[in-house]
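Student: Quick one: this structure, given as structure tokens, is what I'll be asking you about.
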Amino acid sequence: MSVTVDAALAQSFGLTNDEYGTVLSIMGRTPSLTELGIFSVMWSEHCSYKSSRLHLKTLPTKAPWVIHGPGENAGVVDIGEGLAAVFKMESHNHPSFIEPYQGAATGVGGILRDVFTMGARPVANLNALRFGDPREADTCRVVNGVVRGIGGYGNCVGVPTVGGEVNFHRAYNGNPLVNAMTVGIAAQDRIFLSAAAGVGNPVVYVGSKTGRDGIHGATMSSAEFDEELSSKRPTVQVGDPFTEKLLIEACLELMATDAVIAIQDMGAAGLTSSAVEMASKGNVGIELDLDHVPQRETNMTAYEMMLSESQERMLMVLRPDRTEEARRIFEKWELDFAVIGVLTDTGNITVRHKGVVEADIPLGPLADQAPLYDRPIQPVAKAAVLEVPDSPVSLEEALKILVASPDLASRAWIWNQYDSTVGGQTIKRPGGADAAIVRVEGTNKALALTTDCTPRYGQADAYCGGAQAVVEAWRNITATGATPLAVTDNLNFGSPENPRIMGQFVEAIKGMGEACRALDFPVVSGNVSLYNETRSENGQAVAIQPTPAIGGLGVLEDASKAVGLALPEEGEILLVGETAGELGQSLWLREVCGREEGAPPKIDLQAERRNGDFVRSHILDGSITACHDVSDGGLLITVAEMAMAGHHGCELAPAPQGTKSHAFWFGEDQARYVVVTRKSDVLIQEAQRTGVPMFHLGVIKGDRIKIGTEMNCDLVTLRTLHEAFLPHLMGETE
Amino acid sequence: MKTGIVVFPGTNRERDMVHAIERVSGRKPTLLWHQQESVEGLDLVILPGGFSYGDYLRSGAMAAHSPIMKAVRQFAEKGGYVLGVCNGFQILTEARLLPGALLRNAGMRFLSQDCFLKVETSESAFTCGWHKGDVFRAPMAHGDGNYTASPETLKRLEGEGRVAFRYCDGEGRVEPANMASNLNGSAQAIAGILSDNKRVCGLMPHPENLTDALTGGTDGVPLFKGLVETLSR
């Protein structure tokens with residue numbers, strides 16, 4: 001390939017003139033095409049976190065139970081009995097718009113590899129999805145492809161997809177978000193890291209062959225979308241879940257031996273980033289001979305091989321005396337296994353191909369002199385508190401509008417395409433509880449898992465959006481009886497070069513950090529996805545809503561104590577937490593009044609902690625038999641979801657005197673839970689004693705939801721409305 | 001009861017099956033690698049669910065030609081007991097150990113949800129844990145579960161009492177034309193069938209995933225209890 005390497009080419013690879021200047025000074029010469037490719041992907045936003053690093057550092061990442069925080073392939077926390085939970089969430093947004101099926105599928109594949117790379121068997125997948133306006137024709141294409149892609153990959157590898165969340169909003173037209181999370185279990189003394197060690201040790205490539213797919217995927221995902229999306233299609237990778245399944249089994253079999261010194265999956269920027277990261281972390285040099293790389297296509301150049309993002313590949317450093325044993329394991333699983341290099345003491349990454357040195361870059365400066373930006377910030381004015389408007393409709397009408405609305409409608413159409421039971425450890429499936437509950441095989445413990453974010457809050461007040469995502473994840477775990485341990489984050493924002501967007505980003509991180517600190521809920525892994533923007537018809541950049549998605553993990557010592565959200569046959573219904581009736585940014589305001597206004601509900605971290613700890617302790621002592629946190633749509637939606645899930649109705653007291661009924665029932669005040677008990681006297685007494693606000697809502701009864709004389713709605717009608725949205729959107733109603 | 005569970009590349013419900021067998025029989029099954037050429041000494045061979053060879057050709061088609069399937073065939077011919085669940089059922093039809101075929105679900109989507117099954121005969125080791133007419137719940141998780149066979153084969157299966165399970169609603173109503181209960185559109189709502197000696201059984205849903213109250217219920221236990229009682233005699 002005869003291409004002139006210069007500043008213009010560097011720019012087309014996504015490097016600024018300044019960044020290219022640094023490349024020249026590091027190299028002391030004009031880099032080769034392969035070298036330029038390596039610099040450009042390593043210094044892309046996706047790999048270098050150059051705009052976000054400064055701010056990410058402010059997040060709390062430590063706790064006595066954190067074994068590995070950010071910086072490894074995934075976060076690792078102690079769950080007792082010598083076991084660890086390994087988890088992370090990662091975005092695959094841009095590919096999922098270009099080619100929804102493969103984009104979402106390879107998103108799942110990539111995050112699975114991050115987890116089993118560390119020696120953990122993946123036990124659960126979750127996701128957080130944002131789609132465009134359901135009235136846009138293209139939304140249906142994206143939903144269809146993404147859901148099929150997640151299912152197609154997860155079902156085949158045999159990891160249950162146990163939970164997730166979905167929002168629809170026009171801000172995601174042309175820029176959907178696909179955030180995938182994987183959770184695995186490992187023995188604490190068998191955690192594998194990526195730092196290479198031992199000069200002379202072999203560097204081994206395993207998994208699928210390398211093709212030309214995904215070249216420059218990492219730089220693409222760091223650029224805004226434009227009209228020429230079809231020309232980008234070849235950069236989307238194709239997933240092969242069958243090979244991934246073999247890779248999981250082969251890697252775990254190999255990891256049971258003592259052959260592996262270091263291991264790293266080939267994710268974004270493929271061979272380049274895995275080789276560079278392993279060598280850099282281990283302070284060694286690495287030499288690769290690309291002639292030995294298993295290749296799927298002919299005449300591939302060094303540049304292409306170094307930048308390919310072909311899926312289902314891993315790079316390992318092995319003990320030389322165990323290499324043949326390792327080879328036999330991979331041959332048994334019918335996977336490629338090739339020694340493609342060696343660790344050196346040069347401190348460089350040296351790439352040879354057909355006898356020619358195609359790249360020779362000092363690793364120190366490649367990492368140390370990577371760009372780091374303190375981008376300008378323009379504070380974004382927070383929306384003013386909304387004055388409570390009158391309701392244009394009755395309570396019952398509002399309830400019916402809301403349960404049928406895109407953000408609250410039943411997700412069964414989606415869940416029913418994901419295998420949620422494979423593995424045989426799923427205790428609470430999607431929709432069964434606020435968090436998915438998955439037993440830890442061979443123990444009495446279970447993990448509680450959830451993904452959460454309310455982007456409309458973040459749009460009005462980014463700080464609140466960040467904090468609320470964390471507290472909602474914490475509440476969802478708490479509402480099952482589990483103790484929240486740690487989170488992974490997936491920060492999806494627009495262009496960091498726009499000071500307003502950068503302002504949102506910084507504020508959201510502040511909010512997250514404060515909530516994480518107050519709740520002892522550290523961030524142990526994460527991913528940043530910037531440049532989530534499209535061009536409107538008049539050429540303006542349109543950013544998504546700030547979407548700091550949180551993946552939360554908690555643990556239950558006794559799995560049998562987990563509670564779900566469905567109303568049981570009998571019991572009294574109580575509300576924990578205070579209700580002022582905050583309708584700003586509520587779904588009621590948006591769906592019933594057509595307004596997206598006001599300040600989001602205020603976050604009181606002390607109240608969150610107090611109310612949550614109260615609820616959890618009374619789930620564990622058996623006095624609470626069902627629980628659902630109050631979030632999107634407010635109190636009446638919470639009760640309606642519990643009633644629909646349990647097929648039992650209830651009779652509720654009217655809103656307290658002095659509160660507007662619709663504000664009481666649809667306000668989205670935080671720090672609240674609806675709980676069911678047969679011991680309301682004891683619980684109310686306990687609440688009084690500990691200063692926890694509590695309100696007696698009503699009793700479980702019949703097959704309708706009644707509120708005094710104000711409302712009397714039958715569950716069958718409600719469920720029909722609730723279940724209609726997705727099948728209707730997808731054109732699958734009869 | 002000595003049980004072997006076959007693992008093909010891409011099998012993914014072998015662990016679920018191990019737990020179910022262990023829970024009900026108290027004995028640990030052995031895992032059999034697909035390249036093994038013998039299954040001697042076993043009472044029961046199970047082909048569990050998954051995506052053998054990625055199901056990239058036709059579900060079960062590649063696995064049907066693997067070395068162990070020759071041994072399974074010989075085992076079955078000698079009167080051995082074989083259970084195929086989901087992908088295992090697909091493999092059994094591809095290997096012609098059971099008649100018919102499993103097509104793409106009628107709705108063209110993967111189905112992962114609980115379904116209800118009606119027990120059509122109690123006269124086999126696989127179904128004797130129930131009474132004829134019993135209704136139980138089981139999760140399904142498949143893309144290709146739409147059972148089909150020639151009219152003659154269907155007639156024979158019905159006539160010889162070889163339909164083991166049928167999809168039904170919670171009240172036990174079997175309505176082949178109703179996609180709300182016959183979710184994948186199977187012919188005559190057939191969910192599981194038996195070989196002519198009734199010692200080979202294939203079914204699409206996963207009773208092994210309902211053998212523990214904590215993970216959703218014990219509706220699937222009678223399948224394994226029946227096997228233990230028959231094969232431990």
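Student: What full-extension length gain, to one decimal in nm, is calculated for B:S232 and B:K155 as 0.36 nm per residue of separation minus the Cα-Cα distance?
Tutor: Stretched fully, the B:S232-B:K155 segment lengthens by 24.4 nm.
Student: What net charge is computed for the residues neighbouring A:L683, neighbours being all others with C-beta under 11 Å from the C-beta of A:L683, Lys and Arg scored +1, Asp and Glu -1?
Tutor: Spelling it out: positives minus negatives among the neighbours equals -1.
Student: Could you check how many percent of all C-alpha pairs in the stretch A:571-703 are farther apart than 19 Å?
Tutor: 49
Student: Additional query: Can you give the charge dipole size of the stretch A:1-101 about its Cα centre, rounded to the nearest 20 debye, using +1 on the beta carbon of Lys and Arg and -1 on the beta carbon of Asp and Glu? Kindly include the intermediate steps, with their values, before the conclusion.
Tutor: Working: 6 positive and 10 negative charges, 52 e Å.
In total the dipole reaches around 260 debye.
Student: Charges only on Cβ, +1 for Lys and Arg, -1 for Asp and Glu: so what's the dipole of the protein assembly as shown about the Cα centre, in debye to the nearest 20? Intermediate values should be presented prior to the final figure.
Tutor: On the way: 84 positive and 117 negative charges, 347 e Å.
Approximately 1660 debye in magnitude.
Student: Roughly how many Å² of A:M502 are accessible to a 1.4 Å probe, to the nearest 10?
Tutor: Roll a 1.4 Å probe over it and A:M502 shows about 0 Å².
Student: At a probe radius of 1.4 Å, what is the per-residue accessible area of A:K706, in Å² to the nearest 10?
Tutor: Answer for A:K706: close to 70 Å² accessible.
Student: Can I ask one more? Just to make sure I understand: if all protein chains stay in place, what is the order of A:R121, B:R199, B:R27 by accessible area at 1.4 Å, largest first?
Tutor: Details: A:R121 60, B:R199 85, B:R27 115 Å².
Per-residue accessible area, sorted high to low, gives B:R27, B:R199, A:R121.
Student: Further question: Just from its helices, what would the mean residue ellipticity at 222 nm be for chain B, if runs of 4 or more DSSP H residues each count -39500 (n - 2.57) and the sum is divided by every residue, rounded to the nearest 500 deg cm²/dmol?
Tutor: -6500 deg cm²/dmol
Student: While we're here: Calculate the FRET efficiency for A:Q378 and A:T30 from the Cβ-Cβ distance with a Förster distance of 35 Å, rounded to the nearest 0.05. Working shown, then result.
Tutor: Working: r = 38 Å, r/R0 = 1.09.
Efficiency at R0 = 35 Å is approximately 0.35.
Student: Could I have the simple spin-label model distance between A:C140 and A:K354, label points 7 Å from Cα toward Cβ, reported in nm to one decimal?
Tutor: 5.0
Student: Please find, in a Gaussian network model of chain B (springs between Cα atoms separated by less than 10 Å), the residue of B:G170, B:G88, B:G80 whose mean-square fluctuation is greatest.
Tutor: Among B:G170, B:G88, B:G80, the largest GNM mean-square fluctuation belongs to B:G170.
Student: Using a Förster radius of 45 Å, what is the FRET efficiency between A:Q188 and A:V238 based on their Cβ-Cβ separation? Nearest 0.05, please. Present the calculation step by step, with values, prior to reporting the outcome.
Tutor: Values: r = 36 Å, r/R0 = 0.80.
After rounding, the FRET efficiency stands at 0.80.
Student: Let me ask you something else. Decide, for chain B, between rounded, prolate and oblate: order the square roots of the alpha carbon gyration tensor eigenvalues as a ≥ b ≥ c, take rounded if a/c falls under 1.5, and otherwise choose prolate if a/b is larger than b/c, else oblate. Write out the running numbers ahead of the final one.
Tutor: Values: a/c = 1.35, a/b = 1.18, b/c = 1.14.
Taking the square roots of the gyration eigenvalues as a ≥ b ≥ c, chain B is rounded.
Student: Taking each residue of A:411-419 in turn, how many C-beta atoms of other protein chains fall within 10 Å of its C-beta, and what is the average?
Tutor: Mean shielding by partner chains, rounded to a whole number: 4.
Student: Using a 1.4 Å probe, how large is the accessible area of A:W415, given in Å² and rounded to the nearest 10?
Tutor: 80
Student: Hey, if you put +1 on the Cβ of every Lys and Arg and -1 on every Asp and Glu Cβ in the stretch B:141-233, which of B:G185, B:V174, B:N197 ends up farthest toward the positive end of that dipole?
Tutor: Of the candidates, B:N197 comes out farthest on the positive side.
Student: Summing Lys, Arg as +1 and Asp, Glu as -1, what charge do residues with Cβ under 13 Å from the Cβ of A:L729 carry, A:L729 excluded?
Tutor: Around A:L729, the charge tally is -3.
Student: What average number of partner chain Cβ atoms lie no more than 10 Å from the Cβ of the residues making up B:109-118?
Tutor: Details: counts 9, 10, 3, 14, 7, 3, 0, 0, 0, 0.
Across B:109-118, the average partner-chain Cβ count within 10 Å equals 5.
Student: Name the residue farthest towards the positive end of the dipole of the protein assembly as shown from the options A:A120, A:L363, A:Q657, assuming +1 on Cβ of Lys and Arg, -1 on Cβ of Asp and Glu, about the Cα centre.
Tutor: A:A120
Student: Rounded to the nearest 0.05, what FRET efficiency do B:M179 and B:T30 give with R0 = 35 Å and r taken as the Cβ-Cβ distance? Could you check?
Tutor: Given R0 = 35 Å and the Cβ-Cβ separation, E is 0.30.
Student: Where the centre of each part is set by its Cα atoms, how far does the stretch B:194-225 sit from the stretch A:487-563, in angstrom?
Tutor: Here the two parts' Cα centres lie 43 Å apart.
Student: Further, regarding this structure: Add +1 for every Lys or Arg and -1 for every Asp or Glu among the other residues with Cβ under 10 Å from the Cβ of A:E651, and state the total. Mind showing how you got there, number by number?
Tutor: Values: positive: A:K701, A:R704, A:K706; negative: none.
Every neighbour counted, the sum reads +3.
Student: Could I ask something else about it? From the residues A:I707, B:A61, A:Q670, which one has its Cα farthest along the dipole of the protein assembly as shown in the positive direction, the dipole being from +1 and -1 charges on Cβ of Lys/Arg and Asp/Glu about the Cα centre?
Tutor: B:A61
Student: Another one. For chain A, what is the calculated [θ] at 222 nm in deg cm²/dmol (nearest 500), taking -39500 (n - 2.57) for each run of four or more DSSP H residues and dividing by its residue count?
Tutor: -10500 deg cm²/dmol, from helical runs alone.
Student: Once both labels are modelled 7 Å past Cα along the beta-carbon direction, what's the A:D291-A:E334 spacing in nm?
Tutor: Between A:D291 and A:E334, the simple spin-label model gives 3.1 nm.
Student: Within 10 Å of each Cβ in B:8-20, how many Cβ atoms from other chains are there, averaged over the peptide?
Tutor: Numbers: counts 0, 9, 9, 3, 12, 6, 1, 7, 6, 1, 1, 5, 1.
Averaged over the peptide's residues, the number is 5.
Student: Can you compute log10 of I(q)/I(0) for chain A with the Debye formula, treating each Cα as one identical point scatterer, at q = 0.05, 0.11 Å⁻¹?
Tutor: -0.24, -1.12
Student: Let me ask you something else. Could you give the size of the charge dipole of chain B about its Cα centre, using +1 on the Cβ of each K and R and -1 on the Cβ of each D and E, expressed in debye and rounded to the nearest 20?
Tutor: 280
Student: Who wins for biggest fluctuation among B:G202, B:G159, B:G129 in a Gaussian network model of chain B, springs between alpha carbons below 10 Å?
Tutor: Largest GNM mean-square fluctuation: B:G159.
Student: How many angstrom separate the Cα center of the stretch A:612-679 from the Cα center of the stretch A:81-143?
Tutor: Distance between centres, Cα-based: 31 Å.
Student: Here is a further query. Can you list the GluC sites (Glu not before Pro) in the stretch A:509-544 that are in a DSSP coil and have 12 or fewer other beta carbons within 10 angstrom? Could you put the intermediate results ahead of the total?
Tutor: Details: sites: A:E514, A:E533, A:E537; in loops: A:E537.
Those that pass, being in a loop and sparsely packed, are A:E537.
The values are calculated or read from the model by the stated rules, or taken from the named source; none is laboratory data. Values in this document were obtained by computation on a predicted structure and should not be read as measured data. Virtual Cβ from ideal backbone geometry, glycine too; neighbours counted across all protein chains shown. Keep in mind that these areas ignore ligands, DNA and RNA; they rest on the heavy atoms of the full protein, side chains included. Shrake-Rupley method; radii C 1.70, N 1.55, O 1.52, S 1.80 Å.
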